[in-house]
Amino acid sequence: MSLSGKRILLIIGGGIAAYKALDLIRRLRERGASVRVVMTAAAREFVTTLSVGALSADHVFTELFDRHDEHDVGHIRLSREADLLVVAPATADLMAKLANGHANDLASTVLLATDKRVLMAPAMNPKMWSHPATRRNRATLEKDGIAFIGPARGEMAESNEAGEGRMAEPLEIVAAVEAMLDQRPKPLAGKRIIVTSGPTHEPIDPVRYIANRSSGKQGHAIAAALAKLGADVRLVSGPVTIADPAGVTTTHVETAAQMKDAVESLLPADAAVFVAAVADWRTASAAGEKIKKVAGEGPPALQMVENPDILAGVGHHSLRPGLVVGFAAETQDLIGNAEAKLRKKGADFIVANDVSHESGIGPTGVMGGDRNRVRIVSKAGVEEWPEMGKDEVAERLAALIATRLRTVVV
Ligand code: C5P
């Protein structure tokens with residue numbers, strides 16, 4: 001979507017992720033938006049007003065009591081002459097200020113004075129993010145109508161810690177901005193749709209697990225595309241490093257058993273889309289302690305049991321949604337296998353993709369990469385889609401789901 005003519009007021013908070021705000025300005029302007037920037041004092045410790053001003057091609061606002069700025073624009077105009085306010089990085093401090101109505105600098109005053117929607121992209125140390133105070137503030141802000149994008153899990157720049165707290169990538173923030181400013185009709189308004197995404201991790205012992213290479217990109221893109229069409233999307237995600245999609249309610253799980261419970265607790269729903277690469281097996285019982293390597297004893301004989309098939313469970317459930325969509329990643333007999341899955345799992349259609357040889361695994365392949373070539377297999381036959389970006393596959397699939405839901409008798 002083009003952001004042509006849209007005015008974004010970007011508030012940059014003080015955190016190492018402020019460097020990503022520079023790229024965000026570029027990405028927003030590339031799409032036609034004009035970007036006006038407010039920087040907190042702490043933000044200016046990380047990036048300079050010179051770089052920000054050069055990229056935004058505008059004056060950078062920093063002080064509440066700047067006689068010239070207040071005379072010229074003023075904090076009220078600043079907060080109103082925008083279509084959307086974006087806070088990136090949104091620090092714990094900025095969140096706390098807005099949640100409690102503080103207005104002691106330009107950024108917090110503008111946030112309190114605005115009559116426009118606000119999108120926050122939090123970034124902070126994982127301990128700060130999971131602190132009860134921050135969680136409380138987030139809940140308050142959400143209740144007040146503030147939208148959030150991220151944070152994602154990952155390595156922290158400033159320490160060796162890993163965890164939830166890394167700011168969403170600039171392009172993810174741009175997508176959230178586009179979604180919030182999108183005024184196209186919402187054919188899925190009022191429809192609840194469950195989406196599963198990502199891999200599952202099945203523990204072997206407290207430190208080891210069985211996993212697969214699913215990145216969650218396709219499932220998350222589908223959740224975002226459905227939300228753009230107005231659906232109330234409930235995403236159940238296995239462990240991934242990408243951010244929660246904007247406008248979607250996400251539940252995080254680790255194992256297939258947890259994913260199944262989460263999905264079933266979300267029924268009834270109008271549709272369910274099963275994109276997750278659920279591990280087929282788990283160990284019969286995960287060891288309570290780390291399994292030690294003992295010289296001469298050889299490797300442990302892991303006993304595996306089958307995981308529940310979440311899609312098949314929902315496909316045959318008494319609360320089965322009106323539309324059930326499955327995925328099939330195959331290395332051989334793509335269509336034959338997809339047709340068999342359609343029947344066995346009780347799906348209305350299967351999105352089949354070929355993960356053999358060149359199309360397969362890794363940064364350029366289907367699993368992990370950004371592109372996908374799929375076939376839609378249903379009782380009506382097979383529809384081939386050309387290779388396209390995962391976002392485009394998601395948009396086309398969301399449009400197809402919207403069409404189908406209009407004709408499905410629930
Ligand atoms: O049988 P297979 O794993 O190839 O089926 C893939 C489809 O079934 C996907 O839609 C996947 O999300 C779903 N599935 C599931 N639970 C499982 C295995 C697969 O929901 N345990």
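Among the trypsin sites (Lys or Arg not before Pro) within the stretch 1-109, not one is in coil by DSSP while having at most 11 neighbouring Cβ atoms inside 10 Å. The value of relative contact order for the stretch 184-278, using C-alpha pairs under 8 Å at least six residues apart, is 41 percent.
Relative to the longest principal axis of the C-alpha atoms of the chain, give the angle of the C-alpha long axis of helix 390-407, reported between 0 and 90° and rounded to the nearest 10°. For helix 390-407, the angle is close to 70 degrees.
DSSP beta bridges fully contained in the chain are about 30 percent antiparallel. Here the contact order of the chain, divided by its residue count and restricted to Cα pairs under 8 Å and six or more residues apart, works out to 11 percent.
Normalised radius of gyration (Cα atoms, divided by 2.2 N^0.38 Å) for the stretch 1-183: 0.95. Quick one: grab the alpha carbon gyration tensor of the stretch 80-205, order the square roots of its eigenvalues as a ≥ b ≥ c, and give me rounded if a/c is under 1.5, else prolate or oblate depending on whether a/b is larger than b/c. Oblate. The calculated pair-distance distribution of the chain uses every alpha carbon pair, bins of 20 angstrom beginning at 0, and gives 25, 51, 22, 2, 0 percent. For the stretch 186-410, just list the percent of Cα-Cα distances falling in each 10 Å bin from zero outward, please. Binned Cα distances yield the sequence 8, 33, 36, 15, 5, 1, 0. The Rg/Rh ratio of the stretch 260-356, with both radii computed over alpha carbons and Rh defined as the Kirkwood radius, is 1.12. At q = 0.19 Å⁻¹ the log10 of I(q)/I(0) for the stretch 1-108 amounts to -0.96, computed by Debye summation with a single uniform scatterer per C-alpha, solvent ignored.
Taking a probe of 1.4 Å, how large is the accessible area per residue of the stretch 219-289, in Å²? Intermediate values should be presented prior to the final figure.
Working: 2610 Å² over 71 residues.
Here the per-residue accessible area is 37 Å².
For the chain, what does -39500 (n - 2.57) per DSSP helix run (n ≥ 4), summed and divided by total residues, give at 222 nm, in deg cm²/dmol to the nearest 500? Calculated at 222 nm, the ellipticity per residue is -9500 deg cm²/dmol. Quantify, in whole percent, the carbon and sulfur part of the accessible surface of the stretch 162-287 (1.4 Å probe; protein heavy atoms only). C and S atoms contribute 51 percent here. Restricting the trypsin sites (Lys or Arg not before Pro) of the stretch 271-319 to loop positions (DSSP other than H, G, I, E, B) with no more than 15 neighbouring Cβ atoms within 10 Å leaves 290, 292, 293. Counting only alpha carbon atoms, the long axis of helix 334-345 and the longest principal axis of the chain meet at about 90°. With contacts taken as Cα pairs under 8 Å and at least 6 residues apart, the stretch 1-183 reaches a relative contact order of 23 percent.
What accessible area per residue comes out for the stretch 1-183, rounded to a whole number of Å², with a 1.4 Å probe?
Accessible area per residue: 46 Å².
List the lysines whose Cα sits under 24 Å from the Cα of residue 341, skipping any in the same chain fewer than 8 residues away. Straight-line reach from residue 341, under 24 Å: 217, 260, 379, 390.
The values are calculated or read from the model by the stated rules, or taken from the named source; none is laboratory data. All values reported here derive from a predicted model rather than from experimental measurement. All Cβ positions, glycine included, derive from the backbone under ideal geometry; neighbour counts span all protein chains shown. Just the protein is used for accessible areas: all its heavy atoms, side chains included, with ligands, DNA and RNA removed. Shrake-Rupley method; radii C 1.70, N 1.55, O 1.52, S 1.80 Å.
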